[in-house]
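Please treat every number below as a calculation from the coordinates, not as lab data. Every value quoted in this text rests on a predicted model; they were computed, and no experiment measured them. Reconstructed Cβ throughout: ideal geometry from the backbone, glycine too, with neighbour counts over all protein chains shown.
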Amino acid sequence: MATIHVDVVSAEESIFSGEASFVALPGENGELGILPRHTPLITRIKAGAVRIQPAGGGAEEFVFVAGGILEVQPDAVTVLADTAIRGKDLDEAKATEAKRLAEQAMKNAKSEIDLAAATSEFATMAAQLAAIQKLRRK
């Protein structure tokens, strides 16, 4: 069976590195599915879940990313994430509180820059909560 090497990294650390048979993640224009020997591609990704099916089977790896860049080569996938959190490290209570605080910040924004920052944080936390729900259903 053909495999593809996958690296998911953030500015802080390498989150995942290994062989996979399939990778799915949220592209800017919709969900992307990557198989071995995929056509080369560079695109931005939005906040959401990166799902990695390890080569040889086993439990699907799950990583939340808060946006970034995806590079696909026929034998390698690299996700350069703004922020990346392993699925097992996601905290629903913290994400819910951060979403609530971002919503307050949106209401209290004094400038367009403040509003844009709060809106971005709100969208990231909403995506994180959706990713947590998706992980729970698995």
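Each Lys and Arg Cβ is given +1 and each Asp and Glu Cβ -1; about its Cα centre, the chain then shows a dipole of about 500 debye. Once you reduce region 114-129 and region 78-94 to the center of their Cα atoms, the two points are 15 Å from each other. Rounded, prolate or oblate for region 80-121? Axes are the square roots of the Cα gyration tensor eigenvalues, ordered a ≥ b ≥ c, and the cut-off for rounded is a/c under 1.5. Oblate, since a/c reaches 1.5 and b/c is not below a/b.
In units of the compact-protein estimate 2.2 N^0.38 Å, region 1-71 shows a Cα radius of gyration of 1.04. Any idea what angle helix 112-137 forms with the longest principal axis of the chain, computed on alpha-carbon atoms, 0 to 90 degrees, nearest 10? Roughly 50 degrees, rounded to the nearest 10.
With each label modelled as a point 7 angstrom along the Cα→C-beta vector, the GLU13-SER120 pair spans 2.4 nm.
Taking amide hydrogens as placed 1.01 Å from N in the peptide plane, the amide H of PHE16 sits under 5 Å from those of VAL8, each at least 5 positions away in sequence or on another chain. Arranged from fewest to most other beta-carbon atoms within 10 Å of their beta carbon, THR39, THR96 become THR39, THR96. The distance between label points at ALA93 and SER21 comes to 3.8 nm (points 7 Å beyond Cα on the Cα→Cβ vector). Compute the Cα gyration tensor for the chain, then decide on rounded, prolate or oblate, letting a ≥ b ≥ c be the square roots of its eigenvalues: rounded whenever a/c is under 1.5, prolate when a/b is larger than b/c in the other cases, and oblate in all that remain. Prolate shape, in that a/c is at least 1.5 and a/b is the bigger ratio. A dipole drawn for the chain from +1 and -1 charges on Cβ atoms has a positive end, and of ALA2, THR83, ALA49 the residue lying farthest that way is ALA49. Once the Cα atoms are used to define both axes, helix 92-107 deviates from the longest principal axis of the chain by about 50 degrees.
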